[in-house]
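The block underneath contains the structure these notes are about, expressed in structure tokens.
The values are calculated or read from the model by the stated rules, or taken from the named source; none is laboratory data. This is a predicted model, so every value here is computed, not measured. Positions of Cβ are generated from backbone atoms using ideal geometry, with glycine treated the same way; all protein chains shown enter the neighbour counts.
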Amino acid sequence: MKMLKKTIIRISRAKLYLRRAVSFVRHGGVHICTPNYVNCENRHSDKVVLVTGGGGGIGFAAAQKLVNEGAKVIITGRNSDKLRSAVEKIGGDRIANYQWDVTDIGNMSSHLDHIDSIFDRKVNVVINNAGVNNTSRIPDVSEKDWDEVYATNSKAVFFLCQEMCRRWLVDGDSTTKKIINISSQGAFVGATFPYRMSKWDVAGLTQGLALQYASSQIVVNGVAPGIAATDMQPGFSARDDNNLFTPLVPLQRCAIPEEIGELISFMVSDSANFIVGQTIVMDGGYSIK
């Protein structure tokens, strides 16, 4: 019986995709995104950026863009091999890596001291990108599921923001500092699985921090990506034409990490200094359906 139900569901989905494919062809076909990005070589030359979870996906794309535009960038993560590979791909002397599990909150201060020493300049931009996913829903969410997701996606973000703001206030430097918290379009779409709820936490934290620290020239904003071609989507790269996801997005395609990296780079730039407490949703229209 279960196999029959699954077969019926698959047939229904196939019919839906076929109808939409026919509609696309009638309206001129699907246009695949082939961005032509322009690098502003020196716009981040005064920035030292910490990117958590920078070994792949959105974090890697953001790091690469920032380096290309003059920033010095330290990427962190749990997997040292992945981090070294990312540094080799980006290349140059403005990218470095540091193995660090951000859930190790008790040693956060010493980790940040080491990170500040890498370029002999203190970090003045933080991109809270590290995240883990779990799509279990009520009633299937276990306490372990909840704790694992929240430890990285919410708790670590809070305490890293806390420590960086404390350091910046002690330094007394009047130049603008920035925090970019990576949330998710899922935060703005109701659901009962821990990932989306944790990302709603991040969006709320972004507003609260922004209000509290704007007068100290600490500018806090967020980016909420939609479905993107990253490792967080299991089996994503194996799906031809992303056909399980594109029908859900009004633009009829999924995001690529590089275009999300473009937005993050803009939010880091001085051009965005008057944007405060905003989480910019970049999801091809998914969250407004």
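For region 151-189, which residues satisfy the criterion of being of a type in the set (A, V, I, L, M, F, W, C), at pLDDT below 95 and farther than 30 Å from V249 by Cα?
Residues satisfying the conditions do not exist here.
For region 191-212, how many residues meet the condition of being under 17 Å from S136 (Cβ atoms), of a type in the set (A, V, I, L, M, F, W, C) and not in a loop (DSSP other than H, G, I, E, B)?
2
Can you tell me which of S287, S215 is in a helix (DSSP H, G or I), within 23 Å of T135 (Cα to Cα) and either in contact with a helix residue (DSSP H, G or I) (Cβ under 6 Å, 6 or more places away or on another chain) or at pLDDT 95 or above (or both)?
From the options S287, S215, the qualifying one is S287.
Would you mention how many residues in region 179-200 are surrounded by 24 or more Cβ atoms within 10 Å (Cβ to Cβ) and aliphatic (A, V, I, L, M)?
So the count comes out to 3.
For region 106-150, how many residues are at pLDDT below 95, surrounded by 12 or more Cβ atoms within 10 Å (Cβ to Cβ) and of a type in the set (D, E)?
Adding up the residues that qualify gives 1.
For region 201-228: of the residues being among the hydrophobic types (A, V, I, L, M, F, W, C) and surrounded by fewer than 18 Cβ atoms within 10 Å (Cβ to Cβ), which is farthest from Q185 (Cα to Cα)?
A214
Which one of T52, T76 is buried (at least 18 other Cβ atoms within 10 Å of the Cβ), of a type in the set (S, T, Y) and without any contact (Cβ under 8 Å) to a residue 60 or more places away in the chain?
Within the list T52, T76, the selection yields T76.
Out of S45, S117, S109, which single residue is closer than 20 Å to S271 by Cα and among the hydroxyl-bearing types (S, T, Y)?
Going through S45, S117, S109 in turn, just one is closer than 20 Å to S271 by Cα and among the hydroxyl-bearing types (S, T, Y): S45.
So which residues in region 141-190 are part of a helix (DSSP H, G or I), in contact (Cβ under 8 Å) with a residue 24 or more places away in the chain and β-branched (V, I, T)?
If the condition is that a residue be part of a helix (DSSP H, G or I), in contact (Cβ under 8 Å) with a residue 24 or more places away in the chain and β-branched (V, I, T), then V149, T152, V157 are the ones that fit.
Output the number of the condition that P257 fails; it satisfies all remaining conditions of (1) under 18 Å from the mean Cα position of the chain (by Cα); (2) farther than 11 Å from K65 by Cβ.
Exception for P257: condition (2).
Quickly run through region 120-140 and pick out the residues that are part of a loop (DSSP other than H, G, I, E, B) and in contact with a helix residue (DSSP H, G or I) (Cβ under 7 Å, 6 or more places away or on another chain). Write out each step before concluding.
To start, the set of residues in region 120-140 that are part of a loop (DSSP other than H, G, I, E, B) comprises 120-124, 129-140.
Hits for region 120-140 are K122, V123, N129, A130, G131, V132, N133, N134, T135, S136.
Would you confirm, using the coordinates I've provided, whether T152 is in contact with an Asp or Glu (Cβ under 9 Å, 6 or more places away or on another chain), over 23 Å from L66 (Cα atoms) and among the β-branched types (V, I, T)? Full working, then the answer.
Details: in contact with an Asp or Glu (Cβ under 9 Å, 6 or more places away or on another chain): yes; over 23 Å from L66 (Cα atoms): yes; among the β-branched types (V, I, T): yes.
Against the criterion (in contact with an Asp or Glu (Cβ under 9 Å, 6 or more places away or on another chain), over 23 Å from L66 (Cα atoms) and among the β-branched types (V, I, T)), T152 qualifies.
On the given criteria, is D101 surrounded by fewer than 22 Cβ atoms within 10 Å (Cβ to Cβ), at pLDDT 95 or above and out of contact with any Lys or Arg (no Cβ under 6 Å at 6 or more places or on another chain)?
Details: surrounded by fewer than 22 Cβ atoms within 10 Å (Cβ to Cβ): yes; at pLDDT 95 or above: yes; out of contact with any Lys or Arg (no Cβ under 6 Å at 6 or more places or on another chain): no.
When the stated conditions are applied, D101 does not pass them.
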